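J.: Can you keep this structure in mind? I'll have questions shortly.
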Amino acid sequence: MNDKNTEFRNYLRAGYAALWVETSEEDRAISNLMKSADGYQCFDWDLVSGFGECGNGRREEIEGPVEAMELILRKSESSILFIKDSHRFMEDINVCRTVKNMLDKLKSTDRHLVFISPVQKIPVELEKDITVYSFGLPTISELVDLAIKLRDDNELECEVSADIIGAAKGLTMAEAENSFARSLIQGKSFNRRILEAEKLQAVKKSGLAEIWEPVPIDQVGGLQPLKDYIAGRAKGFLEGAGLATPKGILLTGLPGSGKSLTAKATASILGLPLIKGDLGTLKGSLVGESEANMRKFTQLIDSVSPCVVWLDEIEKSLAGVGSSGKTDGGTGANMFGQLLTWFSESKEKHYIVATCNDINVLLELSQGALMRRFDDVFFVDLPSPVERLEIVKIMCDRYDLDEGARLEVYAADMTNWTGAEIEKLVRGSIFDGVGVAASRIRPISEQNKIVIDKAREWAKWNAILANSGGPTQSVESVGIRKLS
C-alpha cells in the first residue's frame, strides 16, 4: 500500500465523516481508494446510473444525492458512499443541510461520504466539516506499467524507458493511454515529442496559460553573459543528474531591450516546452474564483513540467497587491501569497523567467519578497556597440534584406537604441528608406533618461549585468554612416 493509500486509510480510521476528492479520473480514484478501504463496504451514486455497490452490477434508481446519502445510513456500518459530480449538487441547500445533519450519525457508525468532483466546490456552510483529500495524477511508475501493457498487447518489442515515459507525467490515465497508442501506431515505439505534444493539450484546454514556440538562441543579439548563464543551468534538468533544479530568473530593464525574446529563447537553450502565464487573467469576479484559478494554474504548471514558465511584465500582473485589503477584500494579496508559496515549495522541474520593465514598481508591490524567490536578477541594459551590430545583422537576415540594402554600416550610429527600435528601423527602411525610417524613431532612452539612470544605479548593487561589451568597444571597422 503506497503512502497516499495509507493516508486515506488513516482518514477513515480517524473517523473523518466527509472527504472531498478533486479529480477528473473518478473511476481510477474510486478504484485506488477502495484498495485502502479493506473491511469497508463501498457504494457509489451518480445521477444517471443510480445507487449501487462498487463492482456489483445491480443498481437502485435513486434520483438525487439526498436520497443516496440517506440510503447509506440504512446499509451496514463501516461503509463508504462515493458521490460523483458533487460540484453540481452542493449549491442545493437540501444537500448541504442533509450532510450537516448526518455528520454525527456518520461518525458514530464508521460511515463516510466521499465527494468526487473535477473541481473543488465546498459550500461555506461545510468548509469546516469536509476535508479535502489530494488525489494525484498517475505516477511515472503507473505510466510505465501502462506503457508495458500496451506494448505487450500490441506484440511489440520496443523499449519502455522511464525517461521517455516520464514525458507523459501530468496526463490522466486515459490521456496517457491515448498518447501511448498514438506513439506506437506512428512509430512502433514511444516517442517523447508525441507524448509532450499530448501533454501540452492540457495547457490549451485549461485556458489558464498559453503554449509558445521557443525562439532559437541565434535570434537573440548580444546578452552573451545571460545566455551563458542559462546554458549552464541546463544540466539541472537532466534526468538522473542528481542536481538541484534551478528555480528561475528575473529580467529587468527598459521595454524593447530583449527580455521577452530571451525568455522565449530560454526554452530553446534548456530544450523544454515554453508556457506563458498571465497572472492578471487569473483574477475572477466571484468570491474565491481568483484564488482557485491561481491554485489551478500552479497545479497545471506542476503537472506539465519540466517546462519553462514565462511571466511577462510581472509587475503589471501584480498591480494592486499592496492595497489589496482595501480594494478587493484581500484577493490580490491571497493570490500573491499562493504564488510565493508555490515558488518556494514546488518540487517539480520548471524554470521561471519573469520580466519586469520597472523594478521600482515591483519592489513597492512585494517589498522584495518575490525577488528573493529567484536564483538571480539580471539587468538588461541598452545594447553596447558590438551588440548593436549583432542585432542589426540578425534583423537584416530576418527581413531578408539584399546585400545592397543591409544596414550593418549604421550600427555604430544607433547609440542608446533598444533592440526593438533597431528592428523598427530595419523594417521601416524596406518601405521608406533608412533616412525616413530613422527620422520617425525617438529612442526611449531620450524619453526616460532619469528612469534609466536610476535603474542602472539600482542594478549596480542588486543585479547582474546581462549585456556583453561596453561603451568603449568599437565597430568602426565596418564604417559609420549617418542615419539621416
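The values are calculated or read from the model by the stated rules, or taken from the named source; none is laboratory data. Keep in mind it's a predicted model, so treat the numbers as computed, not measured. Here the Cβ is made from the backbone with ideal geometry for all residues, glycine too, and neighbour counts use every protein chain on show. Heavy atoms of the whole protein, side chains included, go into the accessibility calculation; ligands, DNA and RNA do not. Shrake-Rupley method; radii C 1.70, N 1.55, O 1.52, S 1.80 Å.
J.: Once both axes come from the Cα atoms, what is the angle between helix 419-432 and the longest principal axis of the chain, in degrees from 0 to 90, rounded to 10?
T.: Roughly 60 degrees between the two axes.
J.: Tell me which cysteines of the chain come out unpaired when the rule is another cysteine's Cβ under 4.7 Å.
T.: 96, 158, 307, 356, 396
J.: About its Cα centre, what dipole magnitude does segment 160-284 give when the only charges are +1 on Lys and Arg Cβ and -1 on Asp and Glu Cβ, stated in debye to the nearest 20?
T.: Here the size comes out at about 120 debye.
J.: Write down the percent of antiparallel bridges among all DSSP beta bridges whose residues are both part of the chain, to the nearest 5.
T.: Once the DSSP bridges in the chain are tallied, antiparallel ones form about 15 percent.
J.: So, one more: If you average the alpha carbon positions of segment 77-128 and of segment 182-257, how far apart do those two centres end up, in angstrom?
T.: Computed from Cα coordinates, the inter-centre distance equals 42 Å.
J.: Let me ask something additional. Taking the Cβ of residue 468 as the center, what net charge do the other residues with Cβ under 13 Å away carry, scoring Lys and Arg +1 and Asp and Glu -1?
T.: Here the charged neighbours net out to -2.
J.: First measure r as the distance between the Cβ atoms of residue 192 and residue 60, then evaluate 1/(1 + (r/R0)^6) with R0 = 45 Å and state the FRET efficiency to the nearest 0.05.
T.: Efficiency at R0 = 45 Å is approximately 0.40.
J.: Further question: If you take the beta carbon distance between residue 73 and residue 375 as r and set R0 to 60 Å, what does 1/(1 + (r/R0)^6) give as a FRET efficiency, to the nearest 0.05?
T.: My answer for the efficiency is 0.60.
J.: State the extension gain, in nm to one decimal, for the chain segment bounded by residue 163 and residue 140, taking 0.36 nm per residue of separation less the distance between their alpha-carbons.
T.: Fully extending the segment from residue 163 to residue 140 adds 7.4 nm.
J.: Sum -39500 (n - 2.57) across every DSSP H segment of at least 4 residues in the chain, then divide by the residue count to get the 222 nm mean residue ellipticity, nearest 500.
T.: For the chain, the value works out to -13000 deg cm²/dmol.
J.: Provide the FRET efficiency to the nearest 0.05 for the residue 124-residue 103 pair, computing r from the beta carbons and using R0 = 22 Å.
T.: 0.90
J.: Additional query: For segment 154-295, report the accessible area per residue in Å² (1.4 Å probe, heavy atoms, rounded to an integer).
T.: Accessible area per residue, segment 154-295: 47 Å².
J.: Now for a different question. Treating cross-link reach as a plain straight distance, find the lysines whose alpha-carbon is under 20 Å from the alpha-carbon of residue 84, omitting any fewer than eight places away in the same chain.
T.: 35, 75, 100, 121
J.: Shifting gears a bit: May I ask you to list the lysines whose Cα is less than 21 Å away from that of residue 235, ignoring any residue fewer than eight positions away on the same chain?
T.: Counting by Cα, and skipping residues close in sequence, residue 235 has these lysines nearby: 169, 227, 247, 264, 347, 349.
J.: Stretch residue 91-residue 47 to full length: gain in nm at 0.36 nm per residue minus the Cα-Cα span?
T.: 14.3 nm
J.: Measure out, as a whole number of angstrom, how far apart the alpha-carbon centroids of segment 1-61 and segment 136-172 sit.
T.: Between the Cα centres of segment 1-61 and segment 136-172 lies a distance of 26 Å.
J.: With every protein chain left in place, what is the accessible area per residue of segment 360-468 in square angstrom, probe 1.4 Å?
T.: Normalised by residue count, the accessible surface of segment 360-468 is 50 Å².
J.: Could you look at the chain and say what percent of its accessible area is carbon and sulfur, using a 1.4 Å probe and all protein chains?
T.: It is 48 percent, rounded to a whole number.
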